[in-house]
Amino acid sequence: MNRLKSIQSTLGRWFAAPWYPLAFSLYPGLALLSVNMGQIEASAGLRVLLVSLAFGLMLFFLLGLILRQIHRAAFLATLWMALFFYYGHVYNLIQDKYPDFNSTPWLLSLWGVLMILSVMWATRPKLKIANLAVSLNVVTLGLVGMSGGQVLFGSTAGNGHRAAAEFAPVQALNPPEGQALPDVYYFILDSYTRADLLQSAYGYDNTDFLAALEERGFYVAECSQANFTRTELSLGSSLNMLYLQDLDSKFTPESEARSRLWDSLKHSAVRYNFESLGYQTVAYATGFAWNELRDADHFYSPPPLSSGLSEFEGLFLRTTLARYAEDLGWVDDDAIMAQEYRDRFNTVFDSLDDVARNPAPTFAYIHLISPHPPFVFGPDGQPTDPAKFWNDKRLYPSSLYKQGYTDQMTFLNGKMLDAIDTILKNSDTPPIIILQGDHGPWLQPKTQHMFILNAYYLPGHNDELYPTISPVNTFRLIFDDYFGGDYPLLQDLSYYSPVPKLYQFSELPNLCEK
């Protein structure tokens, strides 16, 4: 009984102390991190949290020196931090509703008035601020605990050797005895479309690149279409060799959830099959946590913070009063973002020589965010400013999209041919190489948005490919031909679905005339 009273007394004294400004300083960063889990890793928010905590501590300390009353200093510090951290959210709400209204001078004036009023409120002699400490401590602790729990839950999704989808079509494969296992390179070239659409929509002639692929032994499926309209849907299907309608009973037309889809993408039937055969998995950072196989045997990522700030840190700045740091020239958020895209892109091509020399059989999953926006490379690989391709609302006019898309494709084509030559040169056993778009370019009608590049290097088995083969059949064919699998080919179909109803599918025809 005495021990219980002692604990209650200790907790009472602890909660009576005004530490809530420090807890509150962590909440905005944790809240923003929690709503972006799946898009980024939890570690991306570490520096934001440390800087926010230091800011809260410094503000609390300085106000304590000025006011000479710790409880009033704590209360005022919390009010000022709320104004600082949530300015950008209010600004964005106004601009989204009234895009042509310049809210900056009005909002800054209002914030100045609110800061003055908060000083008057916090310093009122009759206000018994000390009595609020317990309640404010409990509230801020609850906010931090709730957001922190969401971040922790989102960052501890199960890893390990498994197939995540409910009906993942895994098999016990039996490759020919005594035959060396070929390395498998699966390149996803995000938003890379077919030659016919490149010619008709952009006047871009891609025949030289396709001819170069064919000279190296590739088969180019001239009439291929994506099975689904969005990256996560497309890859979830191709990496599990099934249409999503048949992959998991949770993918219903009413659902908007993505966590099961992301998990089935990271822990797919394709990956499970290869790892069961003794393959080592190689993967790369993409900037999208839901698509990063960080538990792969070899995970390649550029050095952290090579551009000074991370993309998440830039996003966080824009939600605060510090959003004007970019206007003042102190921070260039677009340059930061562009450099991180370039770093991830270059990491792939800088490492392929080492990957190809790995003596163990390798499954390399390589998702390049190119020629997809942002447009950060010119046709010769020169760095470009992605902001020059969008308007003041950060939307892409068709003419600027065309320029950025085709320039970036030109550079990508050259890098891909060099990469293929590197792989072929350093492979003792002829490898399997797939170059595949996950969907077509933006600003195109639904059907044309499904047109994709789909090219295969399958030594000894190219004759089994056909012009309309789609990604859902890619690994069905490979497992059957090379590894003794039993995967009958599915009908090649394409499905459109709107946002946010990702699983509300409607079939689109393949009208290719070739």
Per the list (1) within 30 Å of Phe375 (Cα to Cα); (2) in contact with a helix residue (DSSP H, G or I) (Cβ under 9 Å, 6 or more places away or on another chain), residue check on Ala172 breaks on (1)
Inspect all residues belonging to the stretch 383-397 and state whether any of them is open to solvent by 40 Å² or more (accessible area, probe 1.4 Å), part of a strand (DSSP E or B) and either among the small types (Gly, Ala, Ser) or in contact (Cβ under 8 Å) with a residue 24 or more places away in the chain (or both).
yes
Please verify whether the stretch 118-137 includes one or more residues that are over 16 Å from Tyr27 (Cα atoms), hydroxyl-bearing (Ser, Thr, Tyr) and either modelled with pLDDT under 85 or touching a Cys at 6+ places or on another chain (Cβ under 6 Å) (or both).
no
Pull up the stretch 262-280, narrow it to residues that are open to solvent by 50 Å² or more (accessible area, probe 1.4 Å) and polar (S, T, N, Q), then point me to the one that is farthest from Ala165 (Cα to Cα).
Gln280
For the stretch 113-137, what are the residues that are exposed (fewer than 13 other Cβ atoms within 10 Å of the Cβ) and either under 37 Å from the mean Cα position of the chain (by Cα) or closer than 16 Å to Arg68 by Cα (or both)?
Met120, Arg124, Pro125, Lys128
Return the pair list, or none, for Cβ contacts closer than 8 Å from residues in the stretch 335-350 that are touching a residue at least 24 places away in the same chain (Cβ under 8 Å) to residues that are of a type in the set (Phe, Trp, Tyr) and crowded, with 19+ Cβ neighbours inside 10 Å, at least 6 apart or on different chains.
Arg342/Phe377; Arg344/Tyr284; Phe345/Phe377; Thr347/Tyr284; Thr347/Tyr300; Val348/Tyr284; Val348/Tyr300
Is it the case that the stretch 321-340 has a residue that's more than 30 Å from Thr104 (Cβ to Cβ) and of a type in the set (Gly, Ala, Ser)?
no
Index of the failed condition, Asn358 passing every other in (1) in contact with an Asp or Glu (Cβ under 9 Å, 6 or more places away or on another chain); (2) crowded, with 21+ Cβ neighbours inside 10 Å; (3) within 22 Å of Val270 (Cβ to Cβ):
(2)
Got a sec? Which of Asp205, Asp183 is under 30 Å from Ala221 (Cβ atoms), within 30 Å of the chain's Cα centre (by Cα) and among the acidic types (Asp, Glu)?
Asp183
Restricted to the stretch 216-229, and to residues that are within 17 Å of Gln448 (Cα to Cα) and part of a loop (DSSP other than H, G, I, E, B), which residue is most open to solvent (accessible area, probe 1.4 Å)?
Glu222
Selection count, the stretch 230-241, where residues are open to solvent by 10 Å² or more (accessible area, probe 1.4 Å) and in contact with a Gly (Cβ under 9 Å, 6 or more places away or on another chain):
0
Can you name every residue in the stretch 398-446 that is closer than 23 Å to Asp481 by Cα, open to solvent by less than 30 Å² (accessible area, probe 1.4 Å) and in a helix (DSSP H, G or I)?
Ile420, Ile423
Every residue from the stretch 447-492 that is closer than 24 Å to Pro253 by Cβ, in contact with a helix residue (DSSP H, G or I) (Cβ under 8 Å, 6 or more places away or on another chain) and open to solvent by 30 Å² or more (accessible area, probe 1.4 Å)
Leu490, Asp492
Restricting attention to the stretch 295-312, the residues that are at pLDDT 90 or above, in a loop (DSSP other than H, G, I, E, B) and surrounded by fewer than 17 Cβ atoms within 10 Å (Cβ to Cβ) number exactly 3
Subset of the stretch 193-215 [under 25 Å from His461 (Cβ atoms) and either surrounded by 19 or more Cβ atoms within 10 Å (Cβ to Cβ) or in contact with a strand residue (DSSP E or B) (Cβ under 7 Å, 6 or more places away or on another chain) (or both)]
Arg194, Asn206, Phe209, Leu210, Leu213, Glu214
Can you pull out the residues in the stretch 456-514 that are over 15 Å from Ser234 (Cβ atoms), of a type in the set (A, V, I, L, M) and in a helix (DSSP H, G or I)?
Leu477, Ile478
Filter result for the condition that a residue is within 18 Å of the chain's Cα centre (by Cα) and either surrounded by fewer than 20 Cβ atoms within 10 Å (Cβ to Cβ) or not in a helix (DSSP H, G or I) (or both), over Ala322, Ala283
Ala283
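The values are calculated or read from the model by the stated rules, or taken from the named source; none is laboratory data. None of these values were measured; they are calculated from a predicted model. Cβ: placed from backbone, ideal geometry, glycine included. Neighbour counts: every protein chain shown. For accessibility, only protein heavy atoms count, side chains too; no ligands or nucleic acids. Shrake-Rupley method; radii C 1.70, N 1.55, O 1.52, S 1.80 Å.
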